[in-house]
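Colleague: Dumping the structure here so I can ask a few things about it.
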Amino acid sequence: LESLTRGGIRTGIFYPDVSFSHPNVELEALKAFNVIATTKKFHLEFLKEHCPNSIIKYVPHGYTPSSHIKCFDNVTENQYYHDIFYAGNFSEHKATFLQSFLDLIRSADYDFAITGPSWKSKDYIFLRECFDQELYTGLSYARQIQLAKINLAIHCGPIIPDKKNWYDRISTRTFEIPACGGFMLHVDNDEIR
């Protein structure tokens with residue numbers, strides 16, 4: 001980045017994640033970018049303070065119209081794969097939420113499926129009942145959404161102890177599920193409204 005900047009090349013980064021605490025993310029390196037785009041409103045003040053020489057922009061979440069599409073005009077009752085479907089990455093907050101949710105609906109005998117790459121290595125008893133080993137991307141993801149009666153849109157919850165308001169209220173899932181023609185049950189908050 002320093003070499004590019006010295007060469008007069010302008011740099012930018014699009015950062016859609018909730019936290020900067022990942023193994024390959026160097027917070028100090030952000031200062032070298034001319035433009036930083038984030039999908040998190042709660043990042044704006046922090047980034048303006050941390051990177052005063054950078055242009056900071058908020059870019060709302062969205063969906064990809066070439067792959068987040070309705071695959072079927074009509075879905076009949078016998079075509080549904082699942083009653084309830086959740087696709088997303090693991091977090092302790094989500095695991096606690098989904099365990100409670102499953103406990104609530106278990107007596108009604110709903111078919112409930114959870115998928116996502118980071119759930120595979122987790123040892124939660126409830127996952128034995130509902131973890132779907134498939135990784136759905138592109139049109140297979142769109143089909144799964146449309147062939148679930150209810151798609152859950154939940155997020156990681158507060159994950160940074162000193163930043164209590166740093167948690168997703170919306171995500172790409174917020175927009176992908178309706179774009180695919182799926183029925184969405186979303187956690188309520190001010191940003192989704």
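The values are calculated or read from the model by the stated rules, or taken from the named source; none is laboratory data. Remember, it's a predicted structure, so these values are computed and weren't measured experimentally. With ligands, DNA and RNA removed, areas are computed over all heavy atoms of the protein, side chains included. Shrake-Rupley method; radii C 1.70, N 1.55, O 1.52, S 1.80 Å.
Colleague: Run the numbers for Ser19 and Glu129: contour at 0.36 nm per residue of separation, minus the present Cα-Cα distance, in nm.
Modeller: That pair, Ser19 and Glu129, stretches by 36.6 nm at full extension.
Colleague: Still on this model: In whole Å, what are the Cα extents of the stretch 1-110 along the three principal axes, biggest one first?
Modeller: 62, 34, 23
Colleague: Counting only heavy atoms of protein chains, what accessible area per residue, in Å², does the stretch 90-162 have with a probe of 1.4 Å?
Modeller: 54 Å²
Colleague: Just from its helices, what would the mean residue ellipticity at 222 nm be for the chain, if runs of 4 or more DSSP H residues each count -39500 (n - 2.57) and the sum is divided by every residue, rounded to the nearest 500 deg cm²/dmol?
Modeller: Helix contribution divided over all residues of the chain: -7000 deg cm²/dmol.
Colleague: Based solely on C-alpha atoms, express the radius of gyration and the Dmax of the stretch 1-53 in angstrom.
Modeller: Values for the stretch 1-53 (Cα only, Rg and Dmax): 11.3, 33 Å.
Colleague: Let me ask something else. Which residue fluctuates the most in the chain, going by a Gaussian network model with Cα springs under 10 Å, if the choices are Arg169, Arg143, Arg128?
Modeller: The residue with the greatest mean-square fluctuation here is Arg128.
Colleague: Could I ask something else about it? Amide H to amide H, which residues 5 or more places from His186 or on other chains are under 5 Å from it, using H placed in the peptide plane?
Modeller: Ala153
Colleague: Return the long-range amide H neighbours of Ala113 (sequence gap of 5 or more, or a different chain), with a cut-off of under 5 Å between placed amide H atoms.
Modeller: Answer set, sorted by chain and number: Ile84, Phe85, Tyr86.
Colleague: Highest GNM mean-square fluctuation, the chain, Cα pairs closer than 10 Å: which of His22, His68, His82?
Modeller: Among His22, His68, His82, the largest mean-square fluctuation in the Gaussian network model of the chain belongs to His22.
Colleague: Roughly what % of Cα-Cα distances in the chain sit above 28 Å, to the whole percent?
Modeller: Beyond 28 Å sits 36 percent of the P(r) for the chain.
Colleague: Would you list, by chain and number, the aspartates and glutamates whose Cα falls below 20 Å from the Cα of Lys122, excluding same-chain residues fewer than 8 positions away?
Modeller: Glu92, Asp103, Asp132, Glu134
Colleague: To continue, here is another question. Using 0.36 nm per residue of separation minus the Cα-Cα distance, give me the extension gain between Glu28 and Arg10 in nm, one decimal.
Modeller: Residue separation times 0.36 nm, minus the Cα-Cα distance, leaves 4.7 nm.
Colleague: In the chain, carbon and sulfur make up what percent of the accessible area (probe 1.4 Å)?
Modeller: 53 percent
Colleague: Report, please, the projected area of the stretch 50-154 averaged over directions, based on the convex hull of its C-alpha atoms, in nm².
Modeller: 9.5 nm²
Colleague: Something else about it: Taking the alpha-carbon centroid of each part, what is the distance from the stretch 36-52 to the stretch 143-193 in angstrom?
Modeller: Here the two parts' Cα centres lie 22 Å apart.
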